[in-house]
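This report refers to the structure that appears directly beneath it.
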Amino acid sequence: MFDAPLRRVLDPVLVRAGGILARAKVRADSVTLVGFGVGLAAIVAVANGDYGFGLLLFLTNRVADGLDGAVARHIGLSDLGGFLDIVLDFLVYAGMVFAFAFADPAANALAAAFLLFAFMGTGSSFLAFAVMAAKQGLATERRGRKSLYYLGGLTEGFETILFLTLACLLPAWFPWLALGFALLCWITTGCRMVIAVQLLRESGAGNA
């Protein structure tokens, strides 16, 4: 929900940092993969109950996620880069939720499972529409230049980062935080389906 306005604030900083990395011949895919490695370390830390260190690593992963796109905007966006970015992002988000279940199965497993169920709704609605949007030639730069059409909602990147940050800071509250966030994810999925139907019908893709 807040990704678009935040991009307007953060993009100038990220673009400058991305320019420095691009001039140093750092590849965007390399930033993505290093960031993913840090994300995996965050998952391991949280799974072991080291929530503070896990949060630090997770936030570092999110910084890398912003930088890889900034580097790509200097050297050129690629389909491979867009593919790696979205798949590895989803894996880190889901892995962090799984880590809480692993850290305390009795308290967290059911809420984590329900949230991962909700993630299937947000993830599939996002990716399925991106495929159809590409076929129909639909595009948007509301969240910056992207390799995919980014269909928004209540639970986007900022909200997911906020949820996981709160969960790391207040791990005993994870079940309630996860249930609340899962409900927001289902609202997002429903809204995306409504918007997708409308946009695809307007583009002619919904005609039998």
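The values are calculated or read from the model by the stated rules, or taken from the named source; none is laboratory data. Quick caveat: nothing in here was measured; it's all calculated off a predicted structure. So basically every Cβ, Gly included, is an ideal-geometry build from the backbone, and we count neighbours across all protein chains shown.
Just one of the numbered conditions (1) within 24 Å of Phe83 (Cβ to Cβ); (2) modelled with pLDDT of 90 or more; (3) surrounded by fewer than 19 Cβ atoms within 10 Å (Cβ to Cβ) is not true of Phe119; which one?
Among (1) within 24 Å of Phe83 (Cβ to Cβ); (2) modelled with pLDDT of 90 or more; (3) surrounded by fewer than 19 Cβ atoms within 10 Å (Cβ to Cβ), Phe119 violates only (3).
May I ask you to say which residue of Ala113, Ala106, Ala72 is under 15 Å from Trp173 (Cα atoms) and among the small types (Gly, Ala, Ser)? So that I can check it myself, show each step before the final result.
Values: Ala113 fails: under 15 Å from Trp173 (Cα atoms); Ala72 fails: under 15 Å from Trp173 (Cα atoms).
Testing whether each residue is under 15 Å from Trp173 (Cα atoms) and among the small types (Gly, Ala, Ser) leaves just Ala106.
How many of the residues in the stretch 124-150 are modelled with pLDDT of 60 or more and surrounded by fewer than 18 Cβ atoms within 10 Å (Cβ to Cβ)?
Kept after step one, since they are modelled with pLDDT of 60 or more, are these residues of the stretch 124-150: 124-138.
Of the ones still in play, those that are also surrounded by fewer than 18 Cβ atoms within 10 Å (Cβ to Cβ) are 124, 127-128, 131-132, 134-138.
Number of matching residues: 10.
Ala182: modelled with pLDDT of 85 or more, within 20 Å of Met120 (Cβ to Cβ) and in contact with a Phe, Trp or Tyr (Cβ under 8 Å, 6 or more places away or on another chain), yes or no?
Values: modelled with pLDDT of 85 or more: yes; within 20 Å of Met120 (Cβ to Cβ): yes; in contact with a Phe, Trp or Tyr (Cβ under 8 Å, 6 or more places away or on another chain): yes.
Answer is yes for this residue.
I'd like to check something: does the stretch 78-97 contain any residue that is under 16 Å from the mean Cα position of the chain (by Cα), at pLDDT below 85 and of a type outside the set (Phe, Trp, Tyr)? Outline the logic, then answer.
In the first step, residues of the stretch 78-97 are kept if they are under 16 Å from the mean Cα position of the chain (by Cα); the result is 81-97.
Restricting the remaining residues to those that are at pLDDT below 85 gives 81-82.
Now restrict to residues that are of a type outside the set (Phe, Trp, Tyr): 81-82.
Looking through the stretch 78-97, at least one residue is under 16 Å from the mean Cα position of the chain (by Cα), at pLDDT below 85 and of a type outside the set (Phe, Trp, Tyr).
The rows are residues; the columns are (1) closer than 18 Å to Thr160 by Cβ; (2) in a helix (DSSP H, G or I); (3) in contact with a helix residue (DSSP H, G or I) (Cβ under 8 Å, 6 or more places away or on another chain).
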{"site": "Val34", "(1), (2), (3)": "no, yes, yes"}
{"site": "Gly37", "(1), (2), (3)": "no, yes, no"}
{"site": "Asn61", "(1), (2), (3)": "yes, yes, yes"}
{"site": "Ala64", "(1), (2), (3)": "yes, yes, yes"}
{"site": "Ala70", "(1), (2), (3)": "no, yes, yes"}
{"site": "Phe90", "(1), (2), (3)": "yes, yes, yes"}
{"site": "Tyr93", "(1), (2), (3)": "yes, yes, yes"}
{"site": "Ala99", "(1), (2), (3)": "yes, yes, yes"}
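Determine which single condition Leu162 fails, assuming it passes every other condition in (1) in contact with a Leu (Cβ under 7 Å, 6 or more places away or on another chain); (2) of a type outside the set (Gly, Ala, Ser); (3) in a helix (DSSP H, G or I).
Leu162 satisfies every listed condition except (1).
Can you tell me how many residues in the stretch 34-59 are more than 11 Å from Val92 (Cβ to Cβ) and out of contact with any Pro (no Cβ under 9 Å at 6 or more places or on another chain)?
Looking only at that region, the number is 12.
Taking Thr189 as the residue in question, decide whether it is closer than 22 Å to Tyr51 by Cβ, modelled with pLDDT under 95 and surrounded by 20 or more Cβ atoms within 10 Å (Cβ to Cβ). Break it down stepwise before answering.
On the way: closer than 22 Å to Tyr51 by Cβ: no; modelled with pLDDT under 95: yes; surrounded by 20 or more Cβ atoms within 10 Å (Cβ to Cβ): yes.
It is false that Thr189 is closer than 22 Å to Tyr51 by Cβ, modelled with pLDDT under 95 and surrounded by 20 or more Cβ atoms within 10 Å (Cβ to Cβ).
With respect to the numbered conditions (1) free of Cβ contacts under 8 Å to residues at least 24 places away in the same chain; (2) under 30 Å from Arg192 (Cβ atoms); (3) in contact with a Leu (Cβ under 6 Å, 6 or more places away or on another chain), which one is the sole condition not fulfilled by Ala101?
(3)
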